[in-house]
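**Student:** Quick one: the structure is below, and I'll ask about it shortly.
What follows is calculated from the coordinates using simple rules that are stated; it is not laboratory data. Because the structure is a prediction, the values reported are computed rather than measured. When we count neighbours, we look across all protein chains shown, and the Cβ atoms used for this are built from the backbone with ideal geometry, even at glycine.
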Amino acid sequence: MRGGWDLPASAEDPLDADFPGAPWFMDSLELVTLSGMIAESFQVHRSGIEDMLLARRSVHDWAEIIHTSLQHYDQEMVFYTSGSTGVPKPVMHQTALLQQEIAAIAAELPSGIRRIVSTVPAHHIYGFLFTILLPQHLMLETVPAAGVRPVLEDTDLVIAVPAVLRSWRARGASLPAGVTVVSSTAPLGDEDAAWVLQTGAKLVEVFGSSETAGIGVRRNREEGFRLFPYWERSKDGDQLWREGLPGQVPLLDSFEWLNERSFIYRGRKDHAVQIHGINVFPNQVEEKLGSHPLVQAAAVRSFESPAGTRLKAFIVPADNTATAEIEQQLRNWAAQNLPIPERPAHYRFGSTLPRTELGKAADFS
């Protein structure tokens with residue numbers, strides 16, 4: 001959503017009101033794009049009523065259209081990846097396989113859970129699995145986590161991501177002993193995991209992706225992730241197989257296999273890092289910065305900050321312009337040309353890029 005949400009004064013219920021038009025909400029092209037994504041996500045076109053999304057333009061109307069469509073066809077759903085350039089990629093999933101995952105996840109959870117507290121949106125696959133399908137499976141209510149330091153109960157199941165847990169820890173929040181925390185979408189740092197566990201809370205980490213849904217789970221930080229029962233690894237360990245899927249699924253991540261069914265995550269093969277849930281490629285940001293006329297060479301690395309993973313840049317200036325002026329111009333340029341996750345948070349300058357004694361690219365502070 002961009003801009004505000006200006007509602008007609010006569011509207012009694014915001015959800016019944018038509019979507020406001022441009023410039024406050026979205027123009028006609030954006031409405032067509034959004035309705036197309038909704039139709040694809042829920043496979044509305046299979047019931048032949050996708051045109052109704054443009055004819056009826058309120059949240060309630062769209063919910064009713066989706067509900068009607070699902071009565072006709074609910075065997076598949078589409079979720080969108082975040083993408084590294086802001087362009088989402090649709091990925092089809094069979095609902096029967098998603099339900100199979102939920103049954104496997106439920107078996108990993110402790111007994112006595114009475115409520116699910118969500119910190120994640122439900123339109124991504126992680127949120128959909130854990131805040132829509134899992135509550136249905138367990139017959140529990142889901143409530144949003146309110147505020148930066150939500151009030152939790154010891155029988156809660158908290159659905160979180162590392163950035164949220166890091167934020168809670170930084171703000172001095174505390175977890176009640178007995179609460180269960182699920183973390184996914186990115187690696188959970190050691191300090192954040194220790195903060196969760198030191199109060200007596202239970203921690204469940206789930207490894208997966210938009211393309212595969214859940215792959216593995218672990219409840220002990222000292223152990224590797226265990227493949228969910230329905231996955232089998234290939235002999236070379238670079239692919240997975242699952243009954244119901246055509247062919248083998250290539251792994252986009254590097255695994256260190258401890259045995260046939262247990263692994264340790266060793267990073268992405270494409271060297272992407274996750275920043276605020278978005279896959280970012282530092283080497284691509286290097287190329288973009290290197291194209292600026294004030295830059296002779298650039299190196300970009302990720303680093304951990306209290307706000308989460310961010311990018312830092314080392315710049316070799318192309319001329320004798322003062323580094324303070326170069327930095328300001330680069331920040332202005334990045335604000336106009338780079339998505340927020342790709343914008344470096346810190347800049348450092350020097351006459352040559354950092355190298356090790358062997359001449360390989362080195363990290364920098």
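**Student:** Can you give the calculated 222 nm mean residue ellipticity of the chain, where each DSSP H run of n ≥ 4 adds -39,500 (n - 2.57) and the sum is split over every residue, rounded to the nearest 500 deg cm²/dmol? Kindly include the intermediate steps, with their values, before the conclusion.
**Tutor:** Working: 10 runs with 97 residues, N = 365.
Calculated from helices alone, the mean residue ellipticity at 222 nm is -7500 deg cm²/dmol.
**Student:** I would also like to ask the following. For region 309-365, which GluC sites (Glu not before Pro) are both in a DSSP coil and crowded by at most 15 other Cβ atoms within 10 Å?
**Tutor:** Working: sites: Glu325, Glu327, Glu342, Glu357; in loops: Glu357.
Here the sparse-neighbourhood loop sites are Glu357.
**Student:** Let me ask you something else. Calculate the FRET efficiency for Glu232 and Val32 from the Cβ-Cβ distance with a Förster distance of 45 Å, rounded to the nearest 0.05. If you can, show how the numbers build up before the last one.
**Tutor:** Details: r = 42 Å, r/R0 = 0.93.
It comes out at approximately 0.60.
**Student:** Here's a follow-up. What residue among Pro110, Pro150, Pro246 shows peak mean-square fluctuation when the chain is described by a Gaussian network model with Cα springs under 10 Å?
**Tutor:** Pro246
**Student:** I would also like to ask the following. Treating only the Cβ atoms of Lys and Arg (+1) and Asp and Glu (-1) as charged, compute the dipole magnitude of the chain about its Cα centre; round to the nearest 20 debye. Could the numbers behind the result be given before it?
**Tutor:** On the way: 32 positive and 44 negative charges, 223 e Å.
Dipole size: approximately 1080 debye.
**Student:** Would you mind telling me the antiparallel percentage of the DSSP bridges in the chain, rounded to 5? Don't jump to the answer; show the numbers that get you there.
**Tutor:** Values: 38 of 58 bridges.
Around 65 percent of the beta bridges assigned by DSSP in the chain are antiparallel ones.
**Student:** Which residues in region 225-264 place their backbone N less than 18 Å from a point set 7 Å from the Cα of Glu76 along the Cα-to-Cβ direction?
**Tutor:** 242-249, by backbone N distance to the label point.
**Student:** Would you give the gap between the C-alpha center of region 310-365 and the C-alpha center of region 213-273, rounded to a whole Å?
**Tutor:** Between the Cα centre of region 310-365 and that of region 213-273, the gap is 35 Å.
**Student:** So, one more: Separation between the Ala63 and Ser111 pseudo-spin-labels, each 7 Å from Cα along Cα→Cβ, expressed in nm?
**Tutor:** 3.5 nm
**Student:** Using only the Cα atoms of the chain, build the gyration tensor, take square roots of its eigenvalues as a ≥ b ≥ c, and label the shape rounded, prolate or oblate: rounded if a/c is under 1.5, else prolate if a/b is larger than b/c, else oblate. Before the final figure, lay out each step's value.
**Tutor:** On the way: a/c = 1.61, a/b = 1.21, b/c = 1.33.
It comes out oblate by the Cα gyration axes.
**Student:** What lysines does Lys269 reach when the alpha-carbon gap must be under 30 Å and sequence neighbours fewer than 8 apart in one chain are set aside?
**Tutor:** Once the sequence-local lysines are set aside, what remains near Lys269 is Lys89, Lys235, Lys288, Lys312, Lys360.
**Student:** Stokes-Einstein at 25 °C, 0.890 mPa s, Kirkwood radius from Cα pairs: D for region 273-349 in µm² s⁻¹?
**Tutor:** Values: Rh = 12.5 Å.
This corresponds to a translational diffusion coefficient of 197 µm²/s.
**Student:** Continuing with this model, one more query. Between Asn337 and His137, what length in nm is gained on full extension when 0.36 nm per residue of separation is reduced by their alpha carbon distance? Intermediate results must be reported in sequence, preceding the final value.
**Tutor:** On the way: separation 200, 0.36 × 200 = 72.00 nm, distance 4.44 nm.
Taking Asn337 through His137 to full extension adds about 67.6 nm, to one decimal.
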